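K.L.:
The structure that follows is given in the form of structure tokens.
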Amino acid sequence: MIPVLLYPGFDPVMLRFGPFAIRWYALAYILGLVVGWRLLRRLVGQAPRVASREQVDDFLSWATLGVVLGGMLGVVIATLWFARRAGIDLLGFADRLAVCAPIGLGFGRIANFINGELWGRAAPEWLPWAMIFPQAGPEPRHPSQIYQALLEGLVLFLVLFLLSRRPAIRARFGLLSGVFLAGYAIARLFGELFREPDAFLGFLAGGLTMGQLLSLPMLLAGGFLIFHACRRRRVDLA
């Protein structure tokens, strides 16, 4: 017998109050924003100081609007607009925000798993945690959502958080942002090896998935930011 797990079949709705419902996706967004906000309030006060805690409180509204309107791209636009409006250093603020971003990414991937979507490719017979997703047919598959939650969420967060504890790294504006972009791209490139491509897209040129293809320019952008941050003069820590 092949050791196979059956997908638990979670209800995508966490709570119902009459005609109103709270979905797991909504909870993931809320947790990501709240936990990230609390951490960001702490990070911006570390030397070199890039913003006040009150400004972070204001930014929460902008970040929430960005998530609602367009996810990650919406948050990027909201960050650009907020930094310009508040007159704060964009790269310095983005570095602190980059440390918090994997929290939301991790919660989002967990929500994908709870919803039973974005499942993995067919798994080998020896894999003890191979899982059958009923909507994907009877074939055991990789629980790729969990892989991506660990890589894009937990691992990436730990790397960025540990780096952010070093004043010399915090003083090189753009470095943590570059590590985030490059790290997320690498995690996505690897995670997509186990995820089933979208049915309406399939595999693209060279056997790449759309997720991998979109990760390549992100990897280049991250590498450029890291290179630029290492070459520019460090910001005064005082």
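K.L.:
Keeping the other protein chains in place, figure out the carbon and sulfur percent of the accessible area of the chain, with a 1.4 Å probe.
P.N.:
On the way: 9010 of 13090 Å².
Accessible surface attributable to carbon and sulfur in the chain totals 69 percent.
K.L.:
A follow-up question, please. Do the sum for the chain: with -39,500 (n - 2.57) for every DSSP H run of n ≥ 4, divided by all residues, what is the mean residue ellipticity at 222 nm, to the nearest 500 deg cm²/dmol? Present the calculation step by step, with values, prior to reporting the outcome.
P.N.:
Working: 8 runs with 136 residues, N = 238.
Roughly -19000 deg cm²/dmol at 222 nm, from the helical runs in the chain.
K.L.:
From the phi angles alone, apply the Karplus equation (6.51, -1.76, 1.60; θ = phi - 60°) to the stretch 95-110 and give each ³J(HN,Hα) in whole Hz, x where the residue is Gly or Pro.
P.N.:
Residue by residue, the stretch 95-110 yields 4, 5, 5, 4, 5, 7, 4, x, 4, x, 5, x, 4, x, 5, 5 Hz.
K.L.:
Nothing charged except the Cβ atoms of Lys and Arg (+1) and of Asp and Glu (-1): what's the magnitude of the dipole of the chain about its Cα centre? Round to the nearest 20 debye. Write out the running numbers ahead of the final one.
P.N.:
Numbers: 23 positive and 14 negative charges, 232 e Å.
In total the dipole reaches around 1120 debye.
K.L.:
Related question: At q = 0.13, 0.14 Å⁻¹, what base-10 log of I(q)/I(0) does the Debye formula yield for the chain when every alpha carbon is treated as an equal point scatterer in vacuo?
P.N.:
-0.85, -0.96
K.L.:
Also, I was wondering about something else. Going by Cα centres, the stretch 28-72 and the stretch 132-155 are how many Å apart?
P.N.:
Distance between centres, Cα-based: 29 Å.
K.L.:
Could you go through the stretch 120-128 in sequence order and give the Karplus-derived ³J(HN,Hα) for each residue, using 6.51 cos²θ - 1.76 cosθ + 1.60 with θ = phi - 60°, rounded to whole Hz, and x for Gly and Pro?
P.N.:
For the stretch 120-128, the Karplus curve yields x, 7, 4, 9, x, 5, 7, 6, x Hz.
K.L.:
Taking the solvent-accessible surface of protein heavy atoms with a 1.4 Å probe, what is the per residue accessible area of the stretch 162-205 in Å²?
P.N.:
Details: 2080 Å² over 44 residues.
Using a 1.4 Å probe on heavy atoms only, each residue of the stretch 162-205 averages 47 Å².
K.L.:
How much of the DSSP beta bridge set in the chain is antiparallel, as a percent to the nearest 5? Don't skip to the end; give the middle numbers.
P.N.:
Numbers: 7 of 9 bridges.
Within the chain, antiparallel bridges account for around 80 percent of the total.
K.L.:
When ranked by the protection proxy of mean other Cβ atoms within 10 Å per residue, highest first, what sequence do the peptides 89-97, 9-17, 204-212, 116-124 form?
P.N.:
Working: 89-97: 22.4, 9-17: 11.3, 204-212: 13.8, 116-124: 16.6.
Those peptides, ordered most packed to least, come out 89-97, 116-124, 204-212, 9-17.
K.L.:
Considering all alpha-carbon pairs of the stretch 1-117, what whole percent are spaced by more than 17 angstrom?
P.N.:
Counting every Cα pair in the stretch 1-117, those more than 17 Å apart make up 60 percent.
The values are calculated or read from the model by the stated rules, or taken from the named source; none is laboratory data. Predicted model only: the values in this text are computed from it and were never measured. For neighbour counting, all protein chains shown are included, and Cβ atoms are generated from backbone atoms with ideal geometry for every residue, glycine included. Accessible surface areas use protein heavy atoms only, side chains included; no ligands, DNA or RNA. Shrake-Rupley method; radii C 1.70, N 1.55, O 1.52, S 1.80 Å.
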